[in-house]
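Heads up: the structure comes next, in structure tokens.
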Amino acid sequence: MASSIRVRATSNGDTTEVQALIQHPMDSGFVKDAKGEIIPPHFIQVLTFEYDGKPVFVADWGGGVSKDPYVKFAFKGGKKGDDLKVSWVDNKGATDTTTAKIQ
Amino acid sequence: MNITTSEFFRTRRLVLKGAGVAALIGLGVVPFDVPQALAAANDKYPEEAFKQKTEADAIKALYGKTAEPSDKVKMDAPEIAENGAVVPISATTTLADVTSISFLVSENPISLIASYKIPPGTLPSVANRIKMAKTSNVTVIVEAGGKLYSAQKEIKVTVGGCGG
């Protein structure tokens with residue numbers, strides 16, 4: 001299966017800008033389906049970005065983050081060709097990880 | 001059942017991280033910045049804060065203190081959101097020593113949307129997309145130098161994104 005994480009990390013020399021798009025339903029547990037039954041909560045809780053073995057950005061999410069979440073941030077340093085590791089874990093214990101090359 | 005599995009997973013991850021550090025110490029090659037990096041990674045998911053219904057309770061559960069409004073916290077958000085399921089919001093600040101940025105929607109069933117940890121070296125600026133049940137105040141909290149600063153803005157929602 002293709003990774004649920006699409007990430008683009010671009011270095012401009014001083015800083016690295018990171019944009020990530022993740023495929024996930026992000027069900028809050030407050031929405032009903034067509035039959036009027038509550039769709040149980042299913043959302044990413046922790047999304048971590050690691051560079052050079054250290055976390056550069058950690059997102060703690062609730063069910064209020066939109067479906068197929070998007071996030072953008074930037075950190076100082078990061079060289080073209082280096083690895084940026086991205087991983088998430090959701091409230092059901094599912095997880096996914098990918099590694100992107102900084103461009 | 002869900003809670004049990006996720007807790008198990010997290011515990012196991014902590015144990016593995018601990019084992020990694022122990023191995024490094026054993027080899028005598030502990031990088032100088034490991035304890036800090038590890039502390040940031042091991043900060044637990046704020047389960048309680050994400051259960052609170054009101055904004056005040058969520059901030060209290062997350063930080064244990066209250067925020068003061070600051071014009072150094074800037075929020076970029078639409079005046080009117082046509083689709084409450086996807087409201088693009090970004091926040092940035094000129095404050096120094098920022099350690100976290102959080103987003104809250106006061107009229108949502110669960111007020112806290114997201115909380116981002118900003119380690120040293122990461123710029124205090126975040127963009128994301130959130131859900132809004134209806135027209136509401138949206139609050140950005142910036143934790144800087146151990147204090148909390150906030151900015152607030154009302155966003156009108158024409159179609160809700162939470163009520164179904």
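The values are calculated or read from the model by the stated rules, or taken from the named source; none is laboratory data. These numbers were taken from a predicted model, which means no experiment stands behind them. Neighbour counts run over all protein chains shown; Cβ positions are idealised from the backbone, glycine included.
For A:Lys32, are the conditions met, namely being of a type outside the set (Val, Ile, Thr) and at the interface with chain B (Cβ under 7 Å from one of its Cβ atoms)? Judged against the criteria, A:Lys32 is a match. Checked against (1) part of a loop (DSSP other than H, G, I, E, B); (2) crowded, with 17+ Cβ neighbours inside 10 Å, B:Ser100 meets all criteria but (1).
Being surrounded by fewer than 21 Cβ atoms within 10 Å (Cβ to Cβ) and either more than 17 Å from the chain's Cα centre (by Cα) or in the same structural domain as B:Val126 (by the TED database) (or both) is a property that does not hold for B:Thr93.
State whether the residues of region B:63-86 include one that is of a type outside the set (Lys, Arg), out of contact with any helix residue (DSSP H, G or I) (no Cβ under 6 Å at 6 or more places or on another chain) and in a helix (DSSP H, G or I). Within region B:63-86 (the criterion being of a type outside the set (Lys, Arg), out of contact with any helix residue (DSSP H, G or I) (no Cβ under 6 Å at 6 or more places or on another chain) and in a helix (DSSP H, G or I)), the answer is yes, since at least one residue qualifies.
Would you check if there is a residue in region A:28-39 being surrounded by fewer than 16 Cβ atoms within 10 Å (Cβ to Cβ), modelled with pLDDT of 95 or more and under 25 Å from B:Pro109 (Cα atoms)? Looking for residues that are surrounded by fewer than 16 Cβ atoms within 10 Å (Cβ to Cβ), modelled with pLDDT of 95 or more and under 25 Å from B:Pro109 (Cα atoms), one finds none in region A:28-39, hence no.
Could you say whether any residue in region A:19-28 is more than 9 Å from chain B (Cβ to nearest Cβ), farther than 28 Å from B:Lys51 by Cα and touching a strand residue (DSSP E or B) at 6+ places or on another chain (Cβ under 6 Å)? Break it down stepwise before answering.
Looking only at region A:19-28, we keep the residues that are more than 9 Å from chain B (Cβ to nearest Cβ), and these are A:20-25, A:27.
Cutting the leftovers down to farther than 28 Å from B:Lys51 by Cα gives us none.
Scanning region A:19-28 turns up no residue that is more than 9 Å from chain B (Cβ to nearest Cβ), farther than 28 Å from B:Lys51 by Cα and touching a strand residue (DSSP E or B) at 6+ places or on another chain (Cβ under 6 Å).
Under the condition of being more than 27 Å from B:Ala85 (Cα to Cα) and β-branched (Val, Ile, Thr), which residue from region A:59-103 is farthest from the other protein chains (Cβ to nearest Cβ)?
Per the criteria, the residue is A:Thr99.
Summed over region A:1-12, the residues that are out of contact with any Ser or Thr (no Cβ under 6 Å at 6 or more places or on another chain) and assigned to a strand (DSSP E or B) give a count of 5. Of the set (1) aliphatic (A, V, I, L, M); (2) more than 17 Å from the chain's Cα centre (by Cα); (3) away from chain A (no Cβ under 11 Å), all apply to B:Ala133 but (3). Inspection of region A:44-57 identifies at least one residue that is under 12 Å from the mean Cα position of the chain (by Cα), more than 8 Å from chain B (Cβ to nearest Cβ) and closer than 17 Å to B:Arg129 by Cβ. Within region B:112-164, the residues that satisfy the criterion of being within 22 Å of B:Lys53 (Cβ to Cβ) and outside any strand (DSSP E or B) are B:Lys131, B:Met132, B:Ala133, B:Lys134, B:Thr135, B:Gly160, B:Gly161, B:Cys162, B:Gly163, B:Gly164.
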